[in-house]
Structure formats: structure tokens, C-alpha cells
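The values are calculated or read from the model by the stated rules, or taken from the named source; none is laboratory data. Just so it is clear, the structure is predicted and the values come from calculations on it, not from any experiment. Because the Cβ atoms are built from the backbone with ideal geometry, glycine has one as well, and the counts that use them run over all protein chains shown.
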Amino acid sequence: MNFKHEMSMKRIVSILYYLLISMAIYAQSQYDYMDDSAVAGGADRVLNTFVIIFIIGIVLVAFVLIFGGIAKIKYEFSPQKEIDRQREEKRQREHQERIRKEQERQKALLALPETTVRLTVEGKPHLVELAGCGNRIHTEMIAICLWSINRIIWKDTDITDQTGSMEKYIDSIYGKHYKSQYSWHGPMSELIVSKHCADLADKSSSVTFEIEFTIRGDFAPQKLQIIHHTHEGLRHHYVSRDIKCLEFVLYDGDVIQTHLVNGKPLCFPYEGYNSYPEFK
């Protein structure tokens, strides 16, 4: 069937090619028998055709402008203009009201005393590598995240069930706080889950981390959300992980950067396989 289909296609193409060649030869032969005046007359007809098309185009543009102007004039005197004006004014008022409420909220927060919150988080650790934007080959930092969260303790109280979680692109959050040491690499916004990191997570047991951050006012566990992001790993590995971020958390809708109480950062420079922490 394929052979017959190819033969029929070749036959059709050959016929079309023959017809085009024949028409070109016939057209040229007509000009061969014409004198100079006939050829000149043909050129005049082509020029006249272009002139007519140009005039028609101008007329069409004029019609569009005229009808557009008429439609605009009708809109100016129609009830719809007043409806649209009231709708836009309402939208502007609501926008200004949102800005005012946010400013009042920020002002009220600044009036509250600062509070240092210390949390003990227990879960199965996972590591992610960070690189400059679009430069996965050169890993520059390692961040400690969690694969699972078992418990969250605040002042000897288990608040795990009171806290929530939020799906966000963790790599974009890292990129706002960490810059590549190479200026042409941009921010550290390339999050990588390598096979090596996945193997370390599979071999590790639950580990306890202590994190702390500063807020305004009293701490409400219900306002705390752990940021997480489902990552599919490198292109040829596809190690799917739901990475739960410890470096950044959401509190009352704001992204807050945390750090370990013992002074060690949750993000540290990458210096090869020997720089990976060991989780027992």
C-alpha cells in the first residue's frame, strides 16, 4: 500500500510539474509573438490593476475609520459609558481599600513587640542542590529540606495538627535570597533533586531540627504553614519528591526565613560529595 501511495503521489507531482512548465512555455510564446506596443499595453494593465487595488484599500480603511468614529460617538452618548465609568470607579475604590487595609495591618504589626519563635521539627531529611538559573551543571549550595514531617513541637506542645502547608515553587523563593557567585548565572533559583540526594534520603532515618524565626506579636500555630513543592528530579532520574522547606516558612501569609538555633545555616556552600551532611 505504501509503495502504491508513493507511486501515485509521484505521478500527481509529475503531472503538476508538466502543467506548470507547459503554461510557462505557452505564456512566453504569446509574448514572443507580441510587438513592443502589445507588451507595453500589458504592463499598463498590470499597473492599473495595482492602482485599483490601492484605491480599494484606501476606501476600506476610510470605511473602518468612519464606522469606528460613529461607534465611538454612539458609545459616548449611550448608557453603557456611565455603567463602565461606575464599574471602573468601584474597582479603583476596592483597590485603594485593599491598599489601605494592608497598610493598617503592617502598621499594627510594627506596633507589636518582636517575638522569637523556636520550633522543634521532626521528620525524614532530604537535600536539594541549588545552582544559578539555567546552570544545573555547577551546583553551588546545598539546602536541608524535609521529605516527611512527623511532629512540630512548640514549647513542649505538639502543634503538628494546628499547622498547615502551602504548595509553592521553592526554587523561586530561594532565588530571592541567594545569589550565584558568578554574576552571569543569576540568582540561585535552580533547585535540583539528584539521584545522590535521593539515595541519602532513602537511607536516612527521622531527624530532629530546631529552627527559629522572629515575628511580631504572639505566636499562633494556625498561622504557620510549611512550604512544599513536588520536584521530579533530574531529567534522566525522575526521582519524584515532595520537598518540605525548612529554610523558609509561611507565617500569616508572609515568607519568613529561618535558621538553626545552633547557628548552623540550613543552606551552606557545596564542596563536593564530602560536603553532604550525614543523617543517622
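Structure notes:
- Top-ranked residue of segment 167-224 - restricted to ones that are of a type in the set (Gly, Ala, Ser) and farther than 18 Å from residue 241 by Cα, ranked as farthest from the chain's Cα centre (by Cα): 217
- Of all residues in segment 89-137 being among the polar types (S, T, N, Q) and outside any helix (DSSP H, G or I), the one that is surrounded by the fewest Cβ atoms within 10 Å (Cβ to Cβ): 116
- Residue within segment 235-251 that is hydroxyl-bearing (Ser, Thr, Tyr), touching a residue at least 40 places away in the same chain (Cβ under 8 Å) and in contact with an Asp or Glu (Cβ under 7 Å, 6 or more places away or on another chain) present: no
- Filtered residues of segment 259-280 (kept if surrounded by 10 or more Cβ atoms within 10 Å (Cβ to Cβ), out of contact with any Asp or Glu (no Cβ under 6 Å at 6 or more places or on another chain) and at pLDDT below 85): 264, 279
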